[in-house]
Each structure stands twice: as structure tokens, then as C-alpha cells.
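Asks: For reference, the structure I am asking about is given below.
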Amino acid sequence: MMLRIKRVPTVVSNYQKEEAEEGDRPAGGCGRNCLRNCCLPGAKLPLYAFKRVNKISCDKGLVDCEDKEAPVAFLDSLLLGEWEDRMQRGLFRYDVTACETKVIPGEHGFIAQLNEGRHLKKRPTEFQVDKVLQPFDENKFNFTKVGQEEVLFQFEPSNDNEVQFLPSAPIDVENSPSVVAINVSPIEYGHVLLIPRILECLPQRIDRESFLLALYMAAEAGNPYFRLGYNSLGAFATINHLHFQAYYLAVPFPIEKATSGKITTTNSGVKISKILNYPVRGLVFECGNTLEDLSNVVSDSCICLQDNNIPYNVLISDSGRRIFLFPQCYAEKQALGEVSPELLDTQVNPAVWEISGHMVLKRKKDYEEASEGNAWRLLAEVSLSEERLEEVKDLIFEAIACHIYDDKGVTPTLLEESDVTPQSLEDVDALTGSHPAMVPA
Amino acid sequence: MESQLGLIEQSFDLRYSGGVREALNELPDSFTITDPCISGHPIVFASNGFLKIFGYSKDEVIGRNGRMFQGPKTNRRSVMEIREAIREERAIQTNLLNYRKDGTPFWMLFHMCPVFGKEDGRVIHFVGVQVPIPRRPRRSRSTVVGNTGNLCENGARFREGMFRCCRREVCLDTVMELGCGSALDSVSSPDDREIEINEPCETSELEKRKANAAVSNVLSVLTHHSELTGKLVCGKRCCLSGTGLLGSSLNISLGRIKQSFVLSDPHLPDMPIVYASDTFLELTGYARHEVLGHNSRFLSGLDTDPATQFQIKECIRTEQPCTVRILNYRKDKTPFWNLLHISPVRNASGKVAYFVGVQIDDSCKNQEEHGLSPQRRQLSVVGAVKVAVRSLSIGASTS
């Protein structure tokens, strides 16, 4: 039995049409100035060649921790300028800055937005939600079908390790570039899609190279309020064409304020911790001897989840210094009818941004009644249970065993005994009585 | 043109009577005073106590931002908390790991508090007090290093004690689980030092009292010396900042945008300028206080085309962005063609809060910087301002 749910998908491109998903696209030229062979030859786009930074450090004088005071980075300027340009050209379905938003009062600071226009569509489509890995389907919508005007620039590593920008560069069809495109139904200002090697039409699944690209982008932007996110299939990815999302919001996300308890450190220096005092259980990855080390540990973990058909979301935060991994099971619960109707009514699909604490609400009623308790309850439904997370964690650790082999002779089981229960009890004590304690499902 | 150092001098001189620096230096405590209205949120005063603890000279510190004392092991959570407190213009007390000039790290209790202007309720300065936390000898640590026998017995109690510590991400578990015996010998001394550094030790009431007293003293001196100039300050916000001038955090964020632009408030009579970037002041030759509170029409003059001015008015009325080429005049009366882009900027309520005007000197318009055309750079200012205004007003209702 295949698990399916009905969902109104989010439109991310102006050329995303439902018919395309049903499979009757005509072949040949389309007159839409897209990125396929019909329109691509001769096309030019700006090209941003980034510096492959070896390590994001916090040393004074190098990368600023307090990025608020550092001048706006060039990548930021480029992205913001291009985005505003598309804004003024009317390419977005609505002005996201006209959507009311607020921080929900409480200890965690969940962020709610009232956005009635984001999920507007007539007929809901059925999504298969029980397979994290699904082959790319040319007949369904993918990003080569977007209009070129929706693409802001190509994003490639620089050849000589210096940042380079070319306002107009040809697109190398043989060696597909990665690009940054707008999301026409933005969650926040600057909402873009990072599409690795777009012309290769990779399905939505993480691989080492793509994840590293996303991490480089986070580091290059150097802005702690520019975060990248990833949703696997089954965890509310809308399109089965490999992409990351990113946008600007200059407030801390609740997940970023959550405490964490260290589990272990890999021998490449990547620290892996468990998220504490937060409704969604998951792991945090940080540090690492090099950026690439951090990237590989995370992508190997994601690959493990994919291979085991466990849907998950990833948040790259703090300019690439901290990466959160959330295995989830909400879609499965939904398909099996295990989610309360009250929660289903809000029609919040808990993807990476919602899980991180940024909720986009469609109904005024939900927005006005938004409370920390509600937010917590919704996210708690998304979370794996404590036991299940332990199982998943073990799976991951087995998969990345090569990274944490410890020549001091300490076995992984010993290292896992960073029994954080005393801490979490403490946290509960410290909380006000206003929201429910973390109860393992 | 106001130099950075000049602005820093003024930060004190305009607000406090002479002798304030000497009076502050009579206090034994370690503290710094920063000005959020100057681009970069720099330190404008550092006490002798501070310089002694950190090992810097006055010149090495004045004009710099507080993050210069942070380093690789500085806990990001505390940094985030401080950032939030600045944004919300409130006091905070938190443990923070800082580095001295010689590179040695140390833990301190950092207590920061805003100083408000009495008439307008604006934040004039932030006072930051540093109280070093001495490393108290811990039974646990000596147990780990020397007496292996006790470790296992006291294991459980020891662990509890550790977790009552302020910093939760303690790496001690690895050491503990190694158990007794020879395994401990393999815990080399660098690990021990690392453990020491990662542990902040608990702040005792003593440190907190010291911090509170220091802040109190500094505020007294500042308040007293502000009475003499008539521009009073106080430790609590006495009235709502209704003059339209921006809060510190928005000021700080906008200060990062190194281009010429102003923010005007359409809800105030005659739509005055409430923010002007340093580059704008350089371009037009005016000082900040000559510009804030005035409508930007002062830039226009005899030969400015009234039709263009009307076009601007219309765009503002309809809340639409527009680009015009308008003849403007600097303070010294020299004219220049201003490629001006104006756009409405909404805050978290979704309604228009400001209009941003981004100026390009037409004679420089073909200068590309990094390959970005001036027009694109203008739009990037609009984007950056939109992000800042929206984000920084998001929590307004709750604070």
C-alpha cells in the first residue's frame, strides 16, 4: 500500500502548472525563455564565483561573529539587489513584506506569519509520501522549466580562489552550473532556491557535493540571518528536483536558541550533539577541522537516512557553523490518519522552516490565536519519539562509523552515555508552567 | 566631514560635562561605554580597570567594537543573547568568555545596560561591565587529574554538580567515561586545560553584586554629568521614543550598508528624515544633526525641476517605487545630478513604515563596483533596508 496525502502544493515558479504534473507537456520550443534546450542556447546569466573557504572560524579579524557590524557582504548585496529587481518587475505572486508577522510571546520566540496567498490553488494534488528516494520524472515540474528571469545568478566555485563576479556569463551546458533562483511564493524577503547542477536534473536527494555547495553558500553570505534549508521527499519537499531554500530574517530562530547535549566528536573534529529543550528531536553538527569535514559528516548522515527511507529536514544556520538534522514522520502520520483534525485544519506542513520555529499560517484565526503552546504541540507531533530517535541515531552512527573511529579504544556505546536526562529535567524546572513538558511519545 | 574619532569624542562631549572621563576613571571597575548611533557600534570609553584586565592601551580599544575581545571558544549563545539585548534595548547579565591582548582567554560576568536620553527615551549609550570569574578549585577536577579512585565513586554526584554549571555543553563526559586506571593517564594535559576553559564556573552572588554596583556607579557619574549639560540621561527609559528616531538595533543594522541613503518617516509631520547613512553625509556635505528631522527637500534648489519633485510626491502617495534624476545641491551649494531611487519600506505589521531614498551621484553612475551596476547596488540597499526594518520590528509588540 502506497501512502499518499492530498496537499495543496506551494507554487515556487511562475511556470509551474498542474498539467505539467499530470504528464502531458508538449515537446519542443515553448516560448517561455526557460532553461531547456528550446531556449537555453546563447542564454547568459550573471555568475558569482565563490571562494572555497577552508574553515569558518570565529577568530577576531577573520570572519566576524557579530555580523551585524560588518559591512554587507557582496553576495548579500547581489542577492538582495537581484531579488528587489524581480520584486519591482512583478515576478512574485505577492509582496511578502505586506504579510503581517510577529514573534509569539513566550520563552522560545516562535515566529508566526499570516500569509493567505502562499498556498493558493484550486485542486489539491496527491503526493506519495512514503518514499524518500524517487526517480526524477521529466514530465513533472522541474527547475529547467522556469523562466530565465526567475534565475538570479549562477553560483560556482572560483578557479583561482578569489571571489569573482561576471554580470553576464554564458551557461556551460556541458558542465551544468548551479544556480540561485527566486521562489515566487516567498516565505520572507530574499527567499531563493539553490539548485545544484540544474541541468543534470538530479532528484531531491542529498549527495556530498551538493551539500558542500550549500554550505559554501552559507559561509559566503556570512550572514547569520541568511539560513539554508532542505526538505527531503516525505518531509514536505514540493518538487523532486534537487534544491535547497534560503531567505533572510534578522531574528534568531527558536531552534538556534535551544540547548544541546554533546554526544561525540568525530576524528575530523565535528561535534555531534542532541537537541534539547525543543519540541522536535534531532541532531546538531558543528565545528570540524575543515568545512568539508563538517559537510561530509552531515551529508553522510543524510544519505544514511535516505537509504533507510526516513524523511528528514536540514537547517544550515549561523553562516554554516551549525547544522540541524531533523528526522521526521509527520507525513506518514498524516497518511495513516494519526494527526488530530485540529492540527490538520491549520494546514501547516511542518517543513524545515516550521520545524525551526518559523510558521507561516494561512488563516487569520490561527495567526491571532497563535501561542507558544500551539506551536509546541504542532511541532511535537512532527518529532520522532525518544526511542525512535535513538534508533535513528544508532543507524546514523553506524553509517558514519568511519568518521568516529576512536583510536583511544573508546567504543561508541560508552561515548553515547552523555546521559543528558539530568539536564533536561533541569530545563523543565527552569521553564514556566506555560507549556507542556517534553513527553516522549 | 565627521571623522570616526571626531564622532567618538562628540559622543561624550555633547552629552556630558567636562571631567566626566576623569570621574569615570576614579571608579575601580572594569567597564566600557559604547555608542549604538555611530556606525559599527564602537567603544567610546574604556575604564582604566578595563584596560588593565584586558591588557590593551586606550587607543587600541576606542573606536573598536566589543567583538574584538571574542575568540574561538567564546560561547555563541551568550553572544546571541547580548545581540538580542542590544536589539531590544534592555539590560542583560551573562557569562562570557573573552580574550586578553596576549591571547589568554578568561571567563567573566558581563553586565550590560542601556543609558536613555531623558527627553526622548532614545538609547544614548550602552554600559558594559566586566567582572572576571575566578576559577574556583573544584573537587571534581582534582579528582580527574590525580585521585583516580574517587572518580568512580563520586561519579554520579560529580556529574550532577557539573550540570548545575552555567554552561551546559560541557565536554567532560568523554573524560568521565574513561573510568579509572590507566585510561585516565592517556588524558593529556591539553584536554585538561580545554576542560578548564570550557567550564565557566558558577557565578556567585559576589560577582553579581559587584557587577550591579559597578553599573550603578557608572550610571551615577553619567547622570550627574548630564545634568550639567542639560541633556539628561537616566538608567530607565522615561518616555516612549516618539520622535521617530530609530532604535539602536535598526541604527546598527543600517550602519552596515555602505552606500548613500536616507530613511524618511511618512507618519510624522512633513515626513522627516529619521536616518541618514555616513555616505549620504559625505555626498551632500551635511552633518547628521543638520539632516535628521528635516524633510529631504532641502537637497533641492533653484534649478530643481518641480515636475520631478511632483513625480516623487506621487510615488510616495501611491506607495510605489520610482527612480528619478533630480538636480540636488550640496551644503556648499554645488549642484549635482542625483539618480534617486525611492521605495516604500514595510515593517512587521505589513504596513509602510518608511520610505528609503538611495542616491547615486550621476557623475559616478558608470562606476561599477565588483561588477555590480550602480542601479543594482541601489536596489541592494532597498533590499537590505527592507530586511532590517521588517525583521527588527517583528518583536516590537512583545518587548
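Asks: Kindly evaluate B:SER300 against the criterion of being free of Cβ contacts under 8 Å to residues at least 40 places away in the same chain, farther than 26 Å from A:PHE74 by Cα and of a type outside the set (Val, Ile, Thr).
Replies: yes
Asks: Select from region A:83-122 the residues that are among the basic types (Lys, Arg) and within 12 Å of chain B (Cβ to nearest Cβ) and write down the one among them that is farthest from A:GLU256 (Cα to Cα). Walk me through it before giving the result.
Replies: Kept after step one, since they are among the basic types (Lys, Arg), are these residues of region A:83-122: A:86, A:89, A:93, A:102, A:118, A:121-122.
Restricting the remaining residues to those that are within 12 Å of chain B (Cβ to nearest Cβ) gives A:86, A:89, A:102.
Values: A:ARG86: 30, A:ARG89: 35, A:LYS102: 17 Å.
Within region A:83-122, the match that is farthest from A:GLU256 (Cα to Cα) is A:ARG89.
Asks: Among what's in region B:1-53 and is in a loop (DSSP other than H, G, I, E, B) and among the small types (Gly, Ala, Ser), pick the residue that is surrounded by the most Cβ atoms within 10 Å (Cβ to Cβ).
Replies: Top of the filtered list is B:SER47.
Asks: With the checklist (1) more than 10 Å from every other protein chain (Cβ to nearest Cβ); (2) more than 16 Å from B:MET112 (Cβ to Cβ) in hand, flag the one item B:ARG64 doesn't pass.
Replies: Checking B:ARG64 against (1) more than 10 Å from every other protein chain (Cβ to nearest Cβ); (2) more than 16 Å from B:MET112 (Cβ to Cβ), the one that fails is (1).
Asks: Still on this structure: Which one of B:PHE54, B:PHE31, B:PHE45 is of a type in the set (Phe, Trp, Tyr) and within 14 Å of chain A (Cβ to nearest Cβ)?
Replies: B:PHE54
Asks: Still on this model: Listed residues A:PHE211, A:PHE165; which is surrounded by fewer than 22 Cβ atoms within 10 Å (Cβ to Cβ) and not acidic (Asp, Glu)?
Replies: Numbers: A:PHE211 fails: surrounded by fewer than 22 Cβ atoms within 10 Å (Cβ to Cβ).
Going through A:PHE211, A:PHE165 in turn, the sole match is A:PHE165.
Residue-wise test of (1) closer than 28 Å to A:TYR189 by Cβ; (2) out of contact with any Leu (no Cβ under 7 Å at 6 or more places or on another chain); (3) facing chain A (nearest Cβ under 8 Å).
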{"residue": "B:PRO306", "(1), (2), (3)": "no, yes, no"}
{"residue": "B:GLN320", "(1), (2), (3)": "yes, yes, no"}
{"residue": "B:LEU327", "(1), (2), (3)": "no, yes, no"}
{"residue": "B:TRP337", "(1), (2), (3)": "no, no, no"}
{"residue": "B:PRO344", "(1), (2), (3)": "yes, yes, no"}
{"residue": "B:GLY357", "(1), (2), (3)": "yes, no, no"}
{"residue": "B:SER380", "(1), (2), (3)": "yes, no, yes"}
{"residue": "B:GLY395", "(1), (2), (3)": "yes, yes, yes"}
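Asks: Another question, then. For B:LYS73, work out the one condition from (1) away from chain A (no Cβ under 11 Å); (2) more than 30 Å from B:LEU246 (Cβ to Cβ); (3) in a loop (DSSP other than H, G, I, E, B) it doesn't fulfil.
Replies: Of (1) away from chain A (no Cβ under 11 Å); (2) more than 30 Å from B:LEU246 (Cβ to Cβ); (3) in a loop (DSSP other than H, G, I, E, B), only one is false for B:LYS73: (1).
Asks: Can A:VAL251 be described as within 13 Å of chain B (Cβ to nearest Cβ), assigned to a loop (DSSP other than H, G, I, E, B) and over 14 Å from the mean Cα position of the chain (by Cα)?
Replies: Values: within 13 Å of chain B (Cβ to nearest Cβ): yes; assigned to a loop (DSSP other than H, G, I, E, B): yes; over 14 Å from the mean Cα position of the chain (by Cα): yes.
Judged against the criteria, A:VAL251 is a match.
Asks: B:PHE298 - would you say it is assigned to a strand (DSSP E or B), over 30 Å from the mean Cα position of the chain (by Cα), away from every other protein chain (no Cβ under 14 Å) and surrounded by 15 or more Cβ atoms within 10 Å (Cβ to Cβ)?
Replies: On the way: assigned to a strand (DSSP E or B): no; over 30 Å from the mean Cα position of the chain (by Cα): yes; away from every other protein chain (no Cβ under 14 Å): yes; surrounded by 15 or more Cβ atoms within 10 Å (Cβ to Cβ): yes.
No; evaluated as a whole, the condition is false for this residue.
Asks: Working only within region A:74-108, note down all residues that are on the phi > 0 side of the Ramachandran plot and outside any loop (DSSP other than H, G, I, E, B).
Replies: Those that are on the phi > 0 side of the Ramachandran plot and outside any loop (DSSP other than H, G, I, E, B): none in region A:74-108.
Asks: Another question, then. Answer yes or no as to whether B:VAL345 is in contact (Cβ under 8 Å) with a residue 60 or more places away in the chain and in contact with a His (Cβ under 6 Å, 6 or more places away or on another chain).
Replies: Working: in contact (Cβ under 8 Å) with a residue 60 or more places away in the chain: yes; in contact with a His (Cβ under 6 Å, 6 or more places away or on another chain): no.
The answer is no for B:VAL345.
Asks: Hey, could you check region B:354-368 for residues that are at pLDDT below 95 and farther than 15 Å from B:SER260 by Cβ and say which is surrounded by the fewest Cβ atoms within 10 Å (Cβ to Cβ)?
Replies: Once the filter is applied, the top-ranked residue is B:ASN366.
Asks: Sticking with this structure for a sec: Based on what the data block shows, is A:GLU332 out of contact with any Cys (no Cβ under 7 Å at 6 or more places or on another chain) and either part of a helix (DSSP H, G or I) or at pLDDT below 80 (or both)?
Replies: Yes, satisfied.
Asks: Now, a different point. Please go through region B:104-159 and give me each residue that is in a helix (DSSP H, G or I) and either of a type in the set (S, T, N, Q) or modelled with pLDDT of 90 or more (or both), ordered by number.
Replies: Residues satisfying the conditions are B:SER140, B:SER142, B:THR143, B:THR148, B:ASN150, B:ASN154.
Asks: For region A:131-180, which positions are part of a loop (DSSP other than H, G, I, E, B), within 14 Å of chain B (Cβ to nearest Cβ) and among the polar types (S, T, N, Q)?
Replies: In the first step, residues of region A:131-180 are kept if they are part of a loop (DSSP other than H, G, I, E, B); the result is A:131-142, A:146-147, A:158-163, A:171-178.
Filter once more, so that each one left must be within 14 Å of chain B (Cβ to nearest Cβ): A:158, A:162-163.
The one that is part of a loop (DSSP other than H, G, I, E, B), within 14 Å of chain B (Cβ to nearest Cβ) and among the polar types (S, T, N, Q): A:SER158.
Asks: Right, here's the next one. Can you work out which of the residues in region A:254-271 that are under 21 Å from A:VAL382 (Cβ atoms) and buried (at least 23 other Cβ atoms within 10 Å of the Cβ) is nearest to the other protein chains (Cβ to nearest Cβ)?
Replies: Ranking the candidates gives A:SER260 first.
Asks: For region A:302-329, give me the residue count where each residue is part of a loop (DSSP other than H, G, I, E, B) and within 14 Å of another protein chain (Cβ to nearest Cβ).
Replies: Going through region A:302-329 one residue at a time, the tally reaches 1.
Asks: Evaluate region A:187-196: report whether one residue or more is touching an Asp or Glu at 6+ places or on another chain (Cβ under 9 Å), surrounded by fewer than 22 Cβ atoms within 10 Å (Cβ to Cβ) and either away from chain B (no Cβ under 14 Å) or modelled with pLDDT of 90 or more (or both).
Replies: Among the residues of region A:187-196, not one is touching an Asp or Glu at 6+ places or on another chain (Cβ under 9 Å), surrounded by fewer than 22 Cβ atoms within 10 Å (Cβ to Cβ) and either away from chain B (no Cβ under 14 Å) or modelled with pLDDT of 90 or more (or both), which makes the answer no.
The values are calculated or read from the model by the stated rules, or taken from the named source; none is laboratory data. None of these values were measured; they are calculated from a predicted model. Every residue, glycine among them, receives a Cβ derived from its backbone with ideal geometry; neighbour counts consider all protein chains shown.
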